[in-house]
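Only one structure is covered here, and it is reproduced in the block below.
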Amino acid sequence: MVKKKTTKKKAPLKKTSKKTVKKTKASGRKVSPDIFKDKRIFYVAIIAVVIILVGLRMSTFTMPAGTAGQTDVVTQQGSGPEIAAGDTIKLEYVGTLDDGEQFDSGELEFVAGSGQMIDGFDEAVLGMMEGGEKTFTIPPEKAYGQPDPSKMQEVPLTRTIDKIIAITTSEFEQVLGESPAKGETYNNDNMLWPIKVLSVSGDNVTIEYMAEEGGKIDYPYGTETVHLKNDNIDMVLSPIVGSNINTATGVIKIASAESDTMVLDFNHPLAGKSLTFTVKITDVTGSAEATGDAAAEPSGDVCDQLGITKSDTPSVEVFIMSYCPYGLQMQKAALPAMELLGEDADFSIKWVSYIMHGKKEIDENNVQECIQSEYADKYVTYATCFTASDDTEGCMTQAGIDSSVIDSCISDLDEEFSITDLYNDQSTWSNGRYPQYPVHAAENAQYGVRGSPATVINGKLVSVNRSPEAVKQAVCCAFNTAPSACSQLLSSAPASPGIGGGTGTTTTGECG
């Protein structure tokens with residue numbers, strides 16, 4: 001499919017620039033005694049299957065540019081100037097498969113050649129004219145690729161949440177529409193179970209989920225059964241093999257299931273298929289660069305909504321888990337902005353204070369923390385490579401980083417924060433499941449970082465769309481006087497979640 005907001009798009013990986021990024025300032029690290037507890041499970045939308053999916057790699061297949069294997073039939077030439085990269089175009093389209101089945105149709109508006117569309121579609125419209133019509137077939141390699149075995153991921157069927165949690169009074173009132181009273185039990189249609197208020201102290205409310213042993217929750221893809229275990233609630237999914245899970249990043253198929261795990265297929269539903277489109281160009285507008293339009297700069301409305309305090313040199317801190325698919329999505333969106341504005345703003349990638357994706361996440365956190373410390377000017381090159389390939393050693397070589405320097409830095413980091421000791425001592429793990437990673441625990445607590453990703457600009461936690469252009473605009477809002485680079489247009493297509501290139505869909509998914 002090719003709709004901009006409902007389907008993954010692909011774009012070639014951006015070339016790595018040699019432009020450097022300023023070395024980040026020292027953060028004054030302190031170890032926080034406790035991991036910040038996640039309160040979002042109070043909301044039913046967050047208690048859904050997203051937790052099960054945490055940590056899965058959702059890479060996107062990317063092919064080099066070119067039109068090999070693509071066939072075009074022009075049915076009407078049209079008139080006016082030819083479409084060039086950077087033009088904003090509107091078109092009508094119908095998409096069919098080889099057997100004639102129609103899989104999509106509608107109207108689109110996008111910037112040609114910007115990477116917002118799948119490669120073959122983008123290439124086919126370049127050179128067309130307003131009023132022109134064309135039918136073209138895109139091979140799988142220029143659409144959604146061939147099915148990729150690495151996108152078959154095994155995940156556990158059980159997720160665990162705390163039975164007793166602390167929330168704020170405002171959060172309580174937002175959900176229930178009234179003030180909490182100690183000892184009272186509350187319920188409404190937006191909650192999985194009733195809750196009992198155990199205590200109210202100032203702005204803090206302690207509640208207990210009144211889940212019942214053996215209770216069941218039905219979803220289109222299966223049924224979860226409740227099992228109470230001490231202070232935890234275990235939710236065990238009985239999946240329907242062959243069913244689909246609709247998520248913010250696309251459709252995921254349950255391919256198979258065992259007693260404790262299931263295998264999810266993250267391949268695009270159209271992977272391996274040739275796609276035929278009939279399109280009609282209804283409008284063409286020249287690029288902002290050609291018309292002298294400065295629309296690439298952030299508008300006052302955008303900046304007002306973010307409410308960021310301005311400064312001469314903005315501080316930009318992006319908190320992620322290095323293997324969280326949504327954290328990787330935000331990191332990939334931030335890297336072009338780091339590359340563009342790194343000489344004018346202080347960028348840093350920092351780490352959520354707990355680990356959800358195993359020992360490999362600790363190792364990669366350590367590597368990237370030390371690259372930023374020891375080779376700040378090479379970080380964008382390394383991170384761009386890593387987020388596309390998951391090849392730590394190869395990307396260090398590509399970036400010209402001395403591994404012995406990084407190893408020494410990691411040893412010092414481990415000694416300072418007891419990272420290995422905390423990993424080996426499961427008594428320190430959150431809920432007995434998530435190891436602590438305290439390198440930036442003080443900042444996590446200071447800003448209220450609860451999951452991956454979280455973006456902080458000039459000390460304020462802000463919500464930023466996960467596209468390079470959206471990140472650039474948010475940072476440019478934070479300057480007292482925006483540099484000329486803020487007028488440069490970056491891709492407005494959301495980055496893809498997980499390892500891999502290409503583009504995805506707008507999402508607010510998080511790990512944590």
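The numbers here are math on the coordinates, done by the rules we state, and not lab data. In this text the structure is predicted, and so the values were computed from the model without any measurement. Note that we place each Cβ from the backbone using ideal geometry, even for glycine, and neighbour counts take in every protein chain shown.
So how much slack lies between residue 404 and residue 259, counting 0.36 nm per residue of separation and subtracting their Cα-Cα distance, in nm? Walk me through the numbers on the way to the answer.
Values: separation 145, 0.36 × 145 = 52.20 nm, distance 4.38 nm.
That works out to 47.8 nm of additional length.
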Across segment 146-160, in residue order, what do the Karplus-derived ³J(HN,Hα) couplings come to in whole Hz, using 6.51 cos²θ - 1.76 cosθ + 1.60 with θ = phi - 60° and x for Gly and Pro? 7, x, 10, x, 5, 8, 8, 10, 8, 9, x, 8, 10, 10, 10
Could you pull out every residue, at least 5 positions away or on a different chain, whose amide H is within less than 5 Å of the one on residue 311? Hs are placed 1.01 Å off N in the peptide plane, and Pro or chain starts have none. 479, 480
Under the rule of at least 5 residues apart or a separate chain, name every residue whose amide H is placed under 5 Å from the amide H of residue 261. 157
Please identify the GluC sites (Glu not before Pro) of segment 106-207 that satisfy two criteria: DSSP loop assignment and at most 12 other Cβ atoms within 10 Å. Which are they? 178, 184
At a Förster distance of 30 Å, what's the computed FRET efficiency of residue 460 paired with residue 135, Cβ-Cβ distance as r, to 0.05? 0.05
Stick to Cα atoms and the Kirkwood definition of Rh, then tell me Rg/Rh for segment 381-512. 1.00
If we count every other residue with Cβ under 12 angstrom of residue 83's Cβ, Lys/Arg +1 and Asp/Glu -1, where does the sum land? -4
Cβ-derived FRET efficiency at R0 41 Å, residue 178 paired with residue 427, nearest 0.05: 0.60
Along segment 404-421, Karplus-curve 3J(HN,Hα) (6.51, -1.76, 1.60; θ = phi - 60°) to the nearest Hz, with x for Gly and Pro, reads 5, 5, 5, 4, 5, 5, 4, 4, 5, 5, 5, 5, 5, 10, 6, 4, 5, 4
Between segment 198-217 and segment 429-465, what's the alpha-carbon centroid distance in Å? 24
Please compute the contact order of segment 67-143 in relative form: average sequence separation of alpha-carbon pairs under 8 Å and at least six residues apart, divided by the residue count, as a percent. 46
Among 210, 190, 172, pick out the residue whose Cα is farthest towards the positive end of the charge dipole of segment 164-210, where Lys and Arg carry +1 and Asp and Glu carry -1 on C-beta, about the Cα centre. 210
Go through segment 311-319 residue by residue and turn each phi into a ³J(HN,Hα) via Karplus (6.51, -1.76, 1.60, θ = phi - 60°); whole Hz please, and just put x for glycine and proline. 7, 5, 10, x, 9, 10, 10, 10, 9
Three principal axis extents, largest first, for the C-alpha atoms of segment 164-210, in Å? 27, 19, 15
Between residue 106 and residues 5 or more places away or on another chain, which pairs have amide H atoms under 5 Å apart, with H built 1.01 Å from N, and which residues are they? 93
Residue exposure sequence - 268, 227 - by fewest surrounding Cβ within 10 Å: 227, 268
Sorting 382, 434 on the 10 Å Cβ count, fewest up front, what's the list? 434, 382
Label-point separation, residue 219 to residue 109 (7 Å along Cα→Cβ), nm: 3.6
Beyond 25 Å (Cα-Cα) in this structure, taken from 332/359; 142/350; 142/280; 359/472, we find 142/350; 359/472
